[in-house]
1. Could you size up the charge dipole of the chain around its Cα centre, putting +1 on the beta carbon of Lys and Arg and -1 on that of Asp and Glu, and report it in debye to the nearest 20?
2. Farthest toward the dipole's positive end in the chain, which of Ala94, Leu167, Tyr223, given Cβ charges of +1 (Lys, Arg) and -1 (Asp, Glu) about the Cα centre?
3. State the dimensionless ratio Rg/Rh of the stretch 151-195 (Rg: radius of gyration of Cα atoms; Rh: Kirkwood radius).
4. At 7 Å along the Cα-to-beta-carbon direction for both Thr220 and Lys122, put a label point, then send me their distance in nm to one decimal.
5. Any idea which of Ile82, Val244, Val64 is furthest toward the positive side of the dipole for the chain, if Lys and Arg beta-carbons carry +1 and Asp and Glu beta-carbons -1?
6. Length gain on complete extension for the stretch Asp246 to Glu190, per 0.36 nm per residue less the alpha carbon to alpha carbon distance?
7. Let me know the shape class of the stretch 30-120, please: from the alpha-carbon gyration tensor, a ≥ b ≥ c as square roots of the eigenvalues, rounded when a/c is under 1.5, otherwise prolate if a/b is greater than b/c, or oblate.
8. If you restrict to DSSP beta bridges whose two residues both lie in the stretch 110-242, what percentage is antiparallel, to the nearest 5?
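Please treat every number below as a calculation from the coordinates, not as lab data. Model, not experiment: these values are computed from the prediction. Here Cβ is always computed from backbone atoms with ideal geometry, including for glycine, and neighbour counts include all displayed protein chains.
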Amino acid sequence: MTQTRRTFLKTVGAATGAITLLPYAARAAAHASDTFETNGGTITVHPVSHASFVMETPVGTIYVDPVGEAAQYEGMPAPDMILVTHEHGDHYNAETLAAIVGDDTQILTNPAVFEMLPEELKTKAAMIGNGESTELGGLPIDAIPAYNITEERKNFHPEGRDNGYVLSFDGFRVYISGDTEDIPEMRSLENIDLAFVCMNLPFTMDASAAASAVAEFAPTYVYPYHYRGRDGGTQDPAEFASMVGDGVEVKMGDWYGAA
């Protein structure tokens with residue numbers, strides 16, 4: 001979905017009312033997904049809601065921060081891997097995980113979430129901290145710090161607790177920001193092909209800071225996501241796109257349902 005400023009404003013206007021979240025099959029039929037070619041095959045990105053999305057990849061289906069009703073994932077391939085960035089309710093929900101996890105699903109979380117997992121989920125999980133690396137299903141994964149640097153926001157995401165992730169597919173690197181501001185660790189990323197970058201206030205950063213960081217580490221493609229906030233903190237992805245510049249292609253995912 002290419003989201004114009006008009007549809008963005010209509011979507012924000014709906015924020016105060018009920019929002020209908022389409023199941024996967026309906027979203028796919030509405031062409032809400034994008035594909036990216038790698039040396040090993042195709043990656044297909046399915047936005048779900050806010051911070052939740054699914055990637056079908058050459059090494060399996062990866063769910064990122066899956067929360068909300070399990071019906072949102074109906075018809076979607078079962079997850080081979082689930083990545084959880086941190087403990088906030090729009091990123092981690094144990095009931096959702098229990099509803100969608102498969103017999104062979106591997107879960108990767110930051111240490112704080114790992115300690116919160118129910119025992120039946122913990123047996124399927126591993127933890128990784130900032131700056132550490134691991135491998136799931138043959139996929140190298142790096143844990144990138146995710147934290148606030150503005151003084152009045154530091155309580156939301158303190159340094160050292162939460163993760164972003166870099167996934168290194170064959171010839172294609174994906175960065176998932178989680179909840180963070182435009183920290184040095186983001187700005188210094190290299191060779192990123194696809195990025196998912198958050199922007200909302202007061203919890204993360206505004207569109208200007210996100211665009212500045214993206215222009216610096218220069219991924220080939222970027223999705224602005226997680227862009228609804230509170231008290232006027234919602235950010236406009238179209239404005240973000242206008243500030244990023246011509247060197248990065250901005251993709252608009254249908255994170256908040258059809259307007």
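1. The dipole magnitude comes to about 720 debye.
2. Tyr223
3. Taking Rh as the inverse mean 1/r over Cα pairs, Rg/Rh reads 1.03.
4. Each label point lies 7 Å from its Cα, and together they span 4.1 nm.
5. Val244
6. Roughly 18.4 nm would be gained on extension.
7. Prolate, because a/c is 1.5 or more and a/b exceeds b/c.
8. Roughly 65 percent of the DSSP beta bridges within the stretch 110-242 come out antiparallel.
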